[in-house]
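The values are calculated or read from the model by the stated rules, or taken from the named source; none is laboratory data. Because the structure is predicted, anything quoted here is derived from the model rather than measured. Because the Cβ atoms are built from the backbone with ideal geometry, glycine has one as well, and the counts that use them run over all protein chains shown. Ligands, DNA and RNA are stripped out before the accessible areas are found, and what is left, the full protein with its side chains, is counted by its heavy atoms. Shrake-Rupley method; radii C 1.70, N 1.55, O 1.52, S 1.80 Å.
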Amino acid sequence: MASSRLERIGNIYSRVRGLLRSGAMKPEDKPIWYEVYEAFPPKVEPQYGRKASEITIHPIFYPEDIVRAKFYERFGSPGLISLANNEYQTPCQKFLDRYKEMEKDFSDENELFEAVAKVMEEEKSVPESVSSNQPDSGTSMASMFSSAVSKSQPQPKINVGDLLTEK
């Protein structure tokens, strides 16, 4: 094993196997993954100098991702959003729903985006724009956080002492 101290020579499996054979590592100390690796060895042995395979990676963008990016560029972030509350739709999601409804009426994406933005601004469903969406001087980050916490679901009361006592 003295000759394979560099990470370039051998792999982690061969090192652990060598430690187990030599007795430097006890069988009960072997890693969890060791038996899985022995049962299901990789098709191609992982080596430091091996070249990466030449496969094409397909982009995973969806059409609504472009609309979302335009929305956040124009209107900015709405602030804190509770992911635990499924009943509340974010302004972006409302915008996307309206965008899909009005999609059949327009052929140009930019015209459609502007039309949906105009309709949503009239309904006051989205903020007007990033430039006019400056925070009020009376609203602090702490007050916004405390209001978001107060609206969240109540947390269960846990006593640490009860958890640590043996029964």
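Might you check whether a residue that is assigned to a loop (DSSP other than H, G, I, E, B) and among the acidic types (Asp, Glu) occurs anywhere in the range 22-40? The answer is no; no qualifying residue exists.
When each of 66, 32 is tested for being surrounded by fewer than 13 Cβ atoms within 10 Å (Cβ to Cβ), more than 30 Å from residue 98 (Cβ to Cβ) and aliphatic (A, V, I, L, M), the lone residue that passes is 32. Considering the conditions (1) under 30 Å from residue 9 (Cα atoms); (2) open to solvent by 100 Å² or more (accessible area, probe 1.4 Å); (3) touching a Phe, Trp or Tyr at 6+ places or on another chain (Cβ under 9 Å), residue 50 is excluded by exactly one of them, (3).
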